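The values are calculated or read from the model by the stated rules, or taken from the named source; none is laboratory data. Since this is a predicted model, take the numbers as computed values, not measurements. So basically every Cβ, Gly included, is an ideal-geometry build from the backbone, and we count neighbours across all protein chains shown. Keep in mind that these areas ignore ligands, DNA and RNA; they rest on the heavy atoms of the full protein, side chains included. Shrake-Rupley method; radii C 1.70, N 1.55, O 1.52, S 1.80 Å.
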Amino acid sequence: MTERKAILFDLDGTLIDTTELILYCFNHAWETICGRTHPPEVFVSTMGIPLKDAMRSLLGATDGLKLEQIGELRAAGLIESLVREYRSCNADNHDRLARPFPGMDLVVAKLHDRGYSVGVVTSKGREFGQRGLRLCALWEFIDVFISMDDTSIHKPRPEPLLLALEKLQVGSHHAVYVGDSRHDMQAGRAAGMRTVAALWGPVPRSELELENPDVLACRPEELLEIFPAR
């Protein structure tokens with residue numbers, strides 16, 4: 001992929017290992033607000049989309065709490081409460097449970113030194129997205145950062161990725177999106193970009209293969225082979 005000029009990354013599960021944090025906060029929010037929870041794989045399936053959308057999707061998969069059973073007004077109230085409880089838990093536990101993937105800082109630094117523009121496009125809010133990047137010693141290598149707060153339309157739609165490319169002044173055909181979820185692969189493809197599936201995240205390989213990514217990478221270090229010096 002030496003003709004590529006920009007490498008855009010998803011954040012959670014791709015650049016930063018936040019799976020334990022996310023599952024902890026989901027469980028806390030659901031047990032606190034609804035008195036029940038979901039298996040880890042159900043929560044994992046929502047990763048990559050904004051938190052509010054994830055909570056709505058989870059309500060739709062919960063017997064007794066589906067929209068047609070409880071109505072839009074009660075559903076909206078539950079979603080608001082779940083999101084608030086999740087964010088409170090995240091604020092209290094972020095720095096304790098978020099951690100870098102081993103070697104990721106060196107990989108991103110080398111890619112940047114090789115002349116690639118490096119960006120992050122995440123469905124996470126700006127404050128904690130940037131906080132995680134600084135915590136994991138990655139922020140200094142990021143040329144563009146797009147969070148949920150920067151667009152009104154989110155992944156799996158391509159608009160956040162296209163905004164990042166606009167800021168970098170790079171065309172889609174010169175860019176790649178690296179992510180760990182099906183939503184990431186769908187967004188990258190919709191933006192006209194090549195895609196790399198990060199298999200070190202929590203989503204099973206079989207799920208990511210359904211999206212036919214251009215490349216499957218098992219370890220962060222493989223990115224240095226995929227994106228050689230130009």
Original post:
Of all the residues that make up the range 7-21, how many are more than 11 Å from the chain's Cα centre (by Cα), assigned to a helix (DSSP H, G or I) and crowded, with 21+ Cβ neighbours inside 10 Å?
Top reply: 1
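The rows are residues; the columns are (1) surrounded by fewer than 16 Cβ atoms within 10 Å (Cβ to Cβ); (2) of a type in the set (S, T, Y).
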{"position": "R126", "(1), (2)": "yes, no"}
{"position": "E140", "(1), (2)": "yes, no"}
{"position": "S152", "(1), (2)": "yes, yes"}
{"position": "P160", "(1), (2)": "no, no"}
{"position": "L163", "(1), (2)": "no, no"}
{"position": "R194", "(1), (2)": "no, no"}
{"position": "W200", "(1), (2)": "no, no"}
{"position": "P213", "(1), (2)": "no, no"}
Original post:
Any idea which residue in the range 22-37 is nearest to K155 (Cα to Cα), counting only those that are surrounded by fewer than 23 Cβ atoms within 10 Å (Cβ to Cβ) and touching a residue at least 60 places away in the same chain (Cβ under 8 Å)?
Top reply: Y24
Original post:
Any chance the range 129-144 includes a residue that's of a type in the set (K, R) and within 26 Å of G103 (Cα to Cα)?
Top reply: yes
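Based on this model, can you work out whether F43 counts as among the aromatic types (F, W, Y), closer than 30 Å to V144 by Cα, without any contact (Cβ under 8 Å) to a residue 24 or more places away in the chain and not in a loop (DSSP other than H, G, I, E, B)? Let's see the steps before the verdict.
Details: among the aromatic types (F, W, Y): yes; closer than 30 Å to V144 by Cα: yes; without any contact (Cβ under 8 Å) to a residue 24 or more places away in the chain: yes; not in a loop (DSSP other than H, G, I, E, B): yes.
Yes.
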Original post:
Out of all the residues in the range 105-126, which are over 18 Å from D184 (Cβ atoms) and either assigned to a helix (DSSP H, G or I) or among the acidic types (D, E) (or both)?
Top reply: D105, L106, A109, K110, H112, D113, R126
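From V107, V118, V83, which residue is out of contact with any Pro (no Cβ under 8 Å at 6 or more places or on another chain), closer than 18 Å to L8 by Cα and modelled with pLDDT of 95 or more?
On the way: V107 fails: out of contact with any Pro (no Cβ under 8 Å at 6 or more places or on another chain); V83 fails: closer than 18 Å to L8 by Cα.
Among V107, V118, V83, only V118 is out of contact with any Pro (no Cβ under 8 Å at 6 or more places or on another chain), closer than 18 Å to L8 by Cα and modelled with pLDDT of 95 or more.
Residues are listed down the side, and each one gets a yes or a no for (1) at pLDDT 95 or above; (2) within 21 Å of S181 (Cβ to Cβ); (3) not in a strand (DSSP E or B):
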residue	(1), (2), (3)
F128	yes, yes, yes
G132	yes, yes, yes
E140	yes, no, yes
F145	yes, yes, no
Original post:
Which of the residues spanning the range 202-211 are touching a residue at least 40 places away in the same chain (Cβ under 8 Å) and either over 17 Å from the mean Cα position of the chain (by Cα) or buried (at least 23 other Cβ atoms within 10 Å of the Cβ) (or both)?
Top reply: V203
Subject >> Condition broken by P40, with the remaining ones in (1) open to solvent by 50 Å² or more (accessible area, probe 1.4 Å); (2) within 30 Å of H112 (Cβ to Cβ); (3) touching a Pro at 6+ places or on another chain (Cβ under 9 Å); (4) not basic (K, R) satisfied >> reply: (2)
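Mind checking whether some residue in the range 89-104 is in a helix (DSSP H, G or I), in contact with a Gly (Cβ under 8 Å, 6 or more places away or on another chain) and open to solvent by 30 Å² or more (accessible area, probe 1.4 Å)?
We begin by selecting, within the range 89-104, every residue in a helix (DSSP H, G or I); these are 89-97, 104.
Imposing the further condition that a residue be in contact with a Gly (Cβ under 8 Å, 6 or more places away or on another chain) reduces the set to 94.
Filter once more, so that each one left must be open to solvent by 30 Å² or more (accessible area, probe 1.4 Å): none.
No, that holds for no residue.
Tally up the residues in the range 102-118 that are out of contact with any Leu (no Cβ under 7 Å at 6 or more places or on another chain) and either farther than 15 Å from R134 by Cβ or basic (K, R) (or both), please. Talk me through it step by step, then tell me what you get.
Taking the range 102-118 and keeping what is out of contact with any Leu (no Cβ under 7 Å at 6 or more places or on another chain), we get 102-103, 106, 109, 112-116.
Checking the rest, the ones that are also either farther than 15 Å from R134 by Cβ or basic (K, R) (or both) come to 102-103, 106, 112-116.
Number of matching residues: 8.
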**OP:** Could you list all residues from the range 147-159 that are touching a residue at least 40 places away in the same chain (Cβ under 8 Å) and either of a type in the set (S, T, Y) or part of a helix (DSSP H, G or I) (or both)?
**Re:** M148
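For residues that are within 15 Å of G13 (Cα to Cα) and assigned to a helix (DSSP H, G or I), tally how many sit in the range 193-219.
3
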Original post:
Within the range 177-192, can you find the residues that are surrounded by fewer than 24 Cβ atoms within 10 Å (Cβ to Cβ) and part of a helix (DSSP H, G or I)?
Top reply: R182, H183, Q186, R189, A190
